[in-house]
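One structure is given here, and the rest of the page talks about it.
The values are calculated or read from the model by the stated rules, or taken from the named source; none is laboratory data. Values in this document were obtained by computation on a predicted structure and should not be read as measured data. Here the Cβ is made from the backbone with ideal geometry for all residues, glycine too, and neighbour counts use every protein chain on show. For accessibility, only protein heavy atoms count, side chains too; no ligands or nucleic acids. Shrake-Rupley method; radii C 1.70, N 1.55, O 1.52, S 1.80 Å.
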Amino acid sequence: MKTEFAPSLLSADFSQLKEELKSVKEADYLHFDVMDGVYVPNITFGPTLIKALRSHSDLPFDTHLMITKPERYIKEFAEAGSDILTVHVEATEHVHRVIQMIKEMGIKAGCSLNPATPLEGLKYLLPDLDQILIMSVNPGFGGQAYIPQITEKIKSLSKIIKENNYDCKIEVDGGIKTHNLKTIVDAGADIIVAGSAIFGQEEPAAALAEMRRIADNG
Ligand code: DX5
Ligand code: ZN
């Protein structure tokens with residue numbers, strides 16, 4: 001399967017998001033980082049922004065909720081136009097219930113794990129998940145360095161998914177650049193989130209094309 005790319009708007013120019021969206025129309029998804037200032041030490045945006053941008057892109061909206069008790073807002077983010085909603089397993093006491101809530105909205109469900117969260121508990125969630133988002137930095141900010149030991153975590157998760165034939169993609173988020181991309185793809189990443197490596201560049205479209213080339217050919 002070809003590697004898919006989800007540029008993160010966190011590193012885009014917020015004063016011209018419409019244009020920024022157009023610059024990555026060759027991507028596979030658009031990644032929206034929602035932060036509440038409680039679960040992570042940063043605040044970004046809510047469903048209003050996602051709704052406002054929905055008609056300006058044909059790409060699936062991949063919404064990464066870094067908010068505490070995400071069950072309070074599943075309906076709002078789904079109705080705003082998210083195609084995939086990912087919640088942090090650490091942010092809710094009833095993650096399985098939240099996954100069901102997402103699916104009841106008729107969209108895809110993902111779970112995210114912080115760098116220090118082990119894979120163990122996933123065993124009981126994997127049959128119900130469309131994707132697992134492995135954080136390769138501590139969530140909250142763009143432009144941080146990739147945590148190298150996460151490569152091992154991606155490999156372990158990939159093995160579990162293959163052995164059990166689960167229909168679940170691995171998305172990796174944080175610190176992915178041209179120099180470490182191939183290692184992360186080879187470890188088993190299906191979807192690459194990249195913020196600064198795409199929107200932090202002069203030409204986001206060219207940066208995305210170059211990442212695709214590396215992922216496909218090395
Ligand atoms: C961080 C976010 C990421 C962020 C990645 O909490 O989840 O999606 O935008 O940014 P880069 O690619 O710059 O590390
Ligand atoms: Zn993210």
State which residue pairs qualify: first residue within 25 Å of Phe32 (Cβ to Cβ) and inside the stretch 121-135, second residue of a type in the set (Val, Ile, Thr) and within 16 Å of ligand 2 (Cβ to nearest atom) in any location, beta carbons under 6 Å apart, and separation of 6 or more residues or different chains. Ile132/Ile170; Leu133/Thr86; Ile134/Ile154; Ile134/Val172
Search result, residues across the stretch 180-193 that are open to solvent by 20 Å² or more (accessible area, probe 1.4 Å) and either closer than 17 Å to Val87 by Cβ or among the acidic types (Asp, Glu) (or both): Asp186, Asp190
Here the qualifying pairs (Cβ atoms under 6 Å; residues six or more apart or on different chains; first in the stretch 65-87 and on the phi > 0 side of the Ramachandran plot; second aliphatic (A, V, I, L, M)) come out as Gly81/Ile50
Mind listing whichever residues of the stretch 184-203 are touching a residue at least 24 places away in the same chain (Cβ under 8 Å), of a type in the set (A, V, I, L, M, F, W, C) and within 11 Å of ligand 1 (Cβ to nearest atom)? Ile192, Val193, Ala194, Ile198, Phe199
Taking Asp28 as meeting all but one of (1) part of a loop (DSSP other than H, G, I, E, B); (2) open to solvent by 50 Å² or more (accessible area, probe 1.4 Å), write down the number of the exception. (2)
Out of Ile150, Ile160, which single residue is within 18 Å of the chain's Cα centre (by Cα) and modelled with pLDDT of 95 or more? Ile150
Which of (1) closer than 21 Å to Ile184 by Cβ; (2) assigned to a helix (DSSP H, G or I) is the odd one out, the single condition Gly121 does not satisfy? (1)
Give the residue that is nearest to Gly175 (Cα to Cα), with candidates limited to residues of the stretch 1-36 that are away from ligand 1 (no atom under 12 Å from the Cβ) and touching a His at 6+ places or on another chain (Cβ under 6 Å). Leu21
Taking the options Asp83, Asp36, name whichever one is open to solvent by 50 Å² or more (accessible area, probe 1.4 Å) and under 17 Å from the mean Cα position of the chain (by Cα). Asp83
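Quickly run through the stretch 167-179 and pick out the residues that are surrounded by 18 or more Cβ atoms within 10 Å (Cβ to Cβ) and over 16 Å from Asn114 (Cα atoms).
Within the stretch 167-179, the subset surrounded by 18 or more Cβ atoms within 10 Å (Cβ to Cβ) is 168-176.
Correct list: Cys168, Lys169.
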Answer yes or no as to whether Glu90 is over 22 Å from Met211 (Cβ atoms), away from ligand 1 (no atom under 14 Å from the Cβ) and not in a loop (DSSP other than H, G, I, E, B). no
